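Have a look at the structure below, then the notes.
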Amino acid sequence: MKKLIDLITEVAEQGFEACGYDKNLGKVTLSNRPDLCEYQCNGAMAGAKIYKKAPIMIANDVVGKLAEKTEMFEEITAVNPGFINMKLSGVFLAEYLERMNGEEKLGVSQKETPETIVIDYGGPNVAKPLHVGHLRSAIIGESMKRLCRFLGHQVIGDVHLGDWGLQMGLIIEELKERKPELPYFDEDYSGDYPEEAPFTIGELEEIYPAASAKSKVDEAFAKKAHDATYKLQNGNRGYLAVWNHILCVSVADLKKNYEKLGVTFDIWKKESDVQGLIPDMVKQMREQGFAHESQGALVVDVSEETDAKEVPPCILLKSDGATLYSTTDLATLVEREKLFSPDRILYVVDKRQSLHFTQVFRCAKKTGIVRPKVRLDFLGFGTMNGRDGKPFKTRDGGIMRLEYLIQEIGDAVYGKIMENRSMEEADAKETAKMIGLAALKYGDLSNQAAKDYVFDVERFISFEGDTGPYILYTIVRIKSIQARYESLADHYEREGKILPAASESEKALQLQASRVQDALLSAFNEQAPHKICQYVYELSNAFNRFYHETKIMAEEDKERQAAYIRLLCLVRRVLETCIDLLGFEAPDRM
Ligand code: ARG
C-alpha cells in the first residue's frame with residue numbers, strides 16, 4: 001500500500017501541475033504545527049522564486065484547484081506567507097485504515113526486488129563470558145534482522161563466533177597445567193580422545209579469567225599460551241580435540257542464553273571456519289600487487305586522499321606469519337560472497353571497532369574480494385553504562401553475566417507485580433519474565449544505537465514514560481477492553497467498520513496508526529530501530545489519550561462503539577507487529 005503521505009503528495013502535485021506550476025513543488029510533509037493542520041506543503045514558497053510571484057498567490061491557485069477537485073481534505077487553506085495547510089477528510093482516513101486492516105502486513109509494501117542481506121551480530125567469543133557489548137549486538141541485530149525480513153528481504157543472521165584467538169591457547173595451556181595427565185597433552189597418544197569434555201561450563205568460565213590474569217603477570221605462561229595457540233592453529237591433534245570440547249560446551253551455553261533473550265541466528269559460523277581460505281586469499285592479494293611488506297608484516301594500503309584522519313594499512317599477516325582479526329574478517333567476506341552473494345552485509349558491532357571495519361571494507365573493495373555493488377555497512381553501537389556513568393558492571397564489580405542481568409530485571413518486575421496485585425505466583429513469574437525482557441530490550445533499542453546509555457533498572461521497568469512496560473501496558477489495556485466488549489450482551493449486529501473520527505483524540509490516534517509504514521521504512525533506511533520505539537511510544541500516547549477522553553463501553557450508538565473496537569484492534573495489531581520487530585511480546589495481563 002502507498003503511504004498516506006505519498007497519496008497526499010500525489011494529489012498536491014496534480015494541483016500544482018493543473019495550475020501550470022512544476023509538479024515537484026507539491027511535496028507534502030507532516031505538519032510542524034499540529035495545532036493548525038495535519039499535513040503541509042511549502043512548495044509555493046519555493047515556486048515564488050521560479051515564477052516571480054508572491055508565494056501566497058501560488059498557494060491560493062493550488063488550494064482553489066484542489067478544494068474543488070478532491071475529497072481528500074476536510075480543510076485545505078493557503079496561509080501567509082504561502083503555506084498550504086491540510087486536514088484530512090475523516091472518511092478518507094477511515095477508509096485508508098480499513099484497507100490497512102485488510103492487509104496481512106498492515107499494508108506495508110514488500111520490496112519488489114528483495115535484497116539478500118547478511119547480518120553479522122552477536123559475535124560472542126567462545127569460552128569468554130558474554131559481556132554487555134555482546135548483549136547490545138544481539139538485541140540490535142535481532143531487531144534489524146526481523147525488520148529486514150518483515151519488509152521482504154532475504155536475511156541471513158550469522159552469529160560469527162570468535163573461536164580462533166589467543167583465548168583458546170590460554171585455556172589449553174591452563175588446562176594442561178591443571179590436568180597434565182589428560183591424553184590431549186600426550187604427544188605420543190594416537191588413540192581416540194574421550195567424547196566427554198574434561199570440564200563443565202562452570203569450570204570453563206573460571207579457567208579463562210584465571211588464565212588471562214595469569215598471562216598478564218607470568219611471561220613464561222603467556223609465551224606458552226601463544227605457542228599453544230600457534231600449535232592449535234597449525235593442526236595439533238590433541239589441541240584441536242580440546243578446542244572442540246570448548247566449542248561444544250560453550251555453544252550449548254550460548255544457545256541457552258540467546259534463547260532466553262529471544263535471539264536466534266540462522267547460521268552459527270565461526271572464525272575458524274574460514275581459516276582454510278586465508279592462504280589463497282593472501283596469495284592472490286600478493287600476486288595482484290595489492291599486498292606488500294611493511295616492517296616485516298604483509299599489508300594492504302587503504303588510506304584515501306580525503307581522509308581527515310589517517311587510516312593505517314590493513315594488516316594481513318604479522319611478521320611471524322600469524323593471521324589477525326582483520327585477516328579472518330576478510331576471509332569471512334570471501335566465504336560470504338561464495339555462499340550467499342549478498343547485496344548487503346550489515347555488521348552490528350561496538351562502535352570502537354569502527355576503524356577496523358573501515359580498513360576491512362576498503363581492503364575488500366579494493367582487492368575485489370567483494371563485488372563493487374555489495375553494500376558493506378557498519379552499525380556501531382555505544383557503551384551501556386551503569387548509573388555511575390562507567391561501563392556496566394555487576395554489583396560486586398565483576399563482568400556481568402547475561403543470565404544474571406536478565407534474572408535481575410525479571411526479579412525487579414516480579415516484585416513490582418506482587419506488590420501491586422494478586423496474580424498467581426506462577427503467572428506472575430511468567431509475566432515478569434516477559435515484561436523484564438521488554439524492559440531490557442526497549443531500554444536499549446529506544447536509544448540511538450551509536451550513543452552510550454545508562455542501564456537503569458528502575459527507569460526501564462517503570463510502567464510509565466518511554467519504556468517497554470508502558471508499551472506492553474497499553475497493549476494489555478486494549479486486550480482487556482476487547483474482552484469486556486466481547487462479553488457485552490448487546491453487540492452491534494454487523495461487523496464494524498472504522499468510522500470517520502468523532503473527536504480530536506480519535507483523529508490523532510487514527511493518523512498515528514496510519515503511519516506505521518513510514519516508521520518502519522525510516523528505521524530500515526537509517527538502520528535505526530529506535531525509530532520504531534519512537535513510533536510505538538507516540539502511538540501508545542495517542543491511544544491512551546483517546547482512551548481517557550472516550551467512553552467506549554458506555555457508548556450507546558452501537559455502530560460507533562463497534563467502530564471504536566475495530567480501531568482498537570488495528571492499533572493493537574500495529575503495536576504487536578512493532579514490538580515483535582523489536583524482539584519482544586506482550587502478556588495478557590499485567
Ligand atoms: N568477537 C568479536 C568481539 O567480541 C565481535 C565480532 C564482530 N563481528 C565481526 N565480523 N568481526 O569483539
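The values are calculated or read from the model by the stated rules, or taken from the named source; none is laboratory data. Model, not experiment: these values are computed from the prediction. Glycine gets a Cβ as well: all are built from the backbone with ideal geometry, and neighbour counts include every protein chain shown.
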Of the conditions (1) at pLDDT below 95; (2) crowded, with 19+ Cβ neighbours inside 10 Å; (3) of a type in the set (A, V, I, L, M), the single one that MET418 does not satisfy is (2)
Given (1) touching a strand residue (DSSP E or B) at 6+ places or on another chain (Cβ under 8 Å); (2) at pLDDT 95 or above; (3) surrounded by 19 or more Cβ atoms within 10 Å (Cβ to Cβ), GLY436 misses just (1)
Checked the stretch 477-501 for anything under 23 Å from ALA513 (Cα atoms) and hydroxyl-bearing (Ser, Thr, Tyr); matches are SER480, TYR485
VAL299 fails exactly one of (1) free of Cβ contacts under 8 Å to residues at least 24 places away in the same chain; (2) within 26 Å of the chain's Cα centre (by Cα); (3) more than 16 Å from the ligand (Cβ to nearest atom), namely (2)
Those residues of the stretch 149-168 which are away from the ligand (no atom under 12 Å from the Cβ) and modelled with pLDDT of 95 or more amount to ARG149, PHE150, LEU151, GLY152, HIS153, GLN154, VAL155, ILE156, GLY157
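Is one or more of the residues making up the stretch 510-517 assigned to a loop (DSSP other than H, G, I, E, B) and either under 20 Å from the mean Cα position of the chain (by Cα) or among the charged types (D, E, K, R) (or both)?
Residues of the stretch 510-517 that are assigned to a loop (DSSP other than H, G, I, E, B), as a first pass: 514-515.
Checking the rest, the ones that are also either under 20 Å from the mean Cα position of the chain (by Cα) or among the charged types (D, E, K, R) (or both) come to 515.
So far as the stretch 510-517 goes, yes, one or more of its residues are assigned to a loop (DSSP other than H, G, I, E, B) and either under 20 Å from the mean Cα position of the chain (by Cα) or among the charged types (D, E, K, R) (or both).
Mind telling me which of the residues ALA197, ALA228, ALA222 ends up being crowded, with 16+ Cβ neighbours inside 10 Å and either within 30 Å of ILE117 (Cβ to Cβ) or touching a Cys at 6+ places or on another chain (Cβ under 7 Å) (or both)? Steps first, answer last, please.
Numbers: ALA228 fails: either within 30 Å of ILE117 (Cβ to Cβ) or touching a Cys at 6+ places or on another chain (Cβ under 7 Å) (or both); ALA222 fails: either within 30 Å of ILE117 (Cβ to Cβ) or touching a Cys at 6+ places or on another chain (Cβ under 7 Å) (or both).
Selected residue: ALA197, the only one of ALA197, ALA228, ALA222 that is crowded, with 16+ Cβ neighbours inside 10 Å and either within 30 Å of ILE117 (Cβ to Cβ) or touching a Cys at 6+ places or on another chain (Cβ under 7 Å) (or both).
Run down ALA501, ALA450 and say which single residue is in contact (Cβ under 8 Å) with a residue 40 or more places away in the chain and more than 29 Å from SER354 (Cα to Cα). So that I can check it myself, show each step before the final result.
On the way: ALA450 fails: more than 29 Å from SER354 (Cα to Cα).
Among ALA501, ALA450, only ALA501 is in contact (Cβ under 8 Å) with a residue 40 or more places away in the chain and more than 29 Å from SER354 (Cα to Cα).
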Here the qualifying pairs (Cβ atoms under 6 Å; residues six or more apart or on different chains; first in the stretch 196-221 and of a type in the set (Phe, Trp, Tyr); second crowded, with 18+ Cβ neighbours inside 10 Å and assigned to a loop (DSSP other than H, G, I, E, B)) come out as TYR208/ALA127; TYR208/LYS128
Among the residues of the stretch 347-378, the number that are within 14 Å of the ligand (Cβ to nearest atom), touching a Phe, Trp or Tyr at 6+ places or on another chain (Cβ under 6 Å) and over 24 Å from ILE139 (Cα atoms) is 0
For the stretch 111-129, the count of residues that are buried (at least 23 other Cβ atoms within 10 Å of the Cβ) and within 11 Å of the ligand (Cβ to nearest atom) equals 7
For the stretch 459-493, the count of residues that are touching a residue at least 40 places away in the same chain (Cβ under 8 Å), of a type outside the set (Lys, Arg) and assigned to a helix (DSSP H, G or I) equals 15
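Tell me yes or no: at least one residue of the stretch 140-148 is in contact (Cβ under 8 Å) with a residue 60 or more places away in the chain, within 16 Å of the ligand (Cβ to nearest atom) and either in contact with a Lys or Arg (Cβ under 9 Å, 6 or more places away or on another chain) or of a type in the set (Val, Ile, Thr) (or both). Give the derivation first.
Pass one, the stretch 140-148, residues in contact (Cβ under 8 Å) with a residue 60 or more places away in the chain: 140-144, 146-148.
Applying the additional criterion that residues be within 16 Å of the ligand (Cβ to nearest atom) yields 140-142, 144.
Adding the requirement that they be either in contact with a Lys or Arg (Cβ under 9 Å, 6 or more places away or on another chain) or of a type in the set (Val, Ile, Thr) (or both) leaves 140, 142.
The answer is yes; a qualifying residue exists.
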When THR383 is run through (1) at pLDDT 95 or above; (2) within 14 Å of the ligand (Cβ to nearest atom); (3) not small (Gly, Ala, Ser), the failure sits at (1)
Within the stretch 307-336, the count of residues that are buried (at least 16 other Cβ atoms within 10 Å of the Cβ), more than 13 Å from the ligand (Cβ to nearest atom) and more than 16 Å from GLN284 (Cα to Cα) comes to 1
Of the residues in the stretch 261-281 that are in contact with a strand residue (DSSP E or B) (Cβ under 7 Å, 6 or more places away or on another chain) and within 18 Å of GLY162 (Cβ to Cβ), the one that is nearest to the ligand (Cβ to nearest atom) is GLU271
Taking the stretch 246-260 and the residues there that are of a type in the set (D, E, K, R) and closer than 16 Å to HIS160 by Cα, the one that is farthest from the chain's Cα centre (by Cα) would be ASP253
Flagged pairs (Cβ under 7 angstrom, 6 or more apart or on separate chains; first in the stretch 333-356, at pLDDT 95 or above and aromatic (Phe, Trp, Tyr); second part of a helix (DSSP H, G or I) and within 11 Å of the ligand (Cβ to nearest atom)) are TYR347/PHE357
If you go through GLU493, GLU506, GLU549, GLU559, the only one that is farther than 20 Å from ASN101 by Cα and either charged (D, E, K, R) or surrounded by fewer than 21 Cβ atoms within 10 Å (Cβ to Cβ) (or both) is GLU549
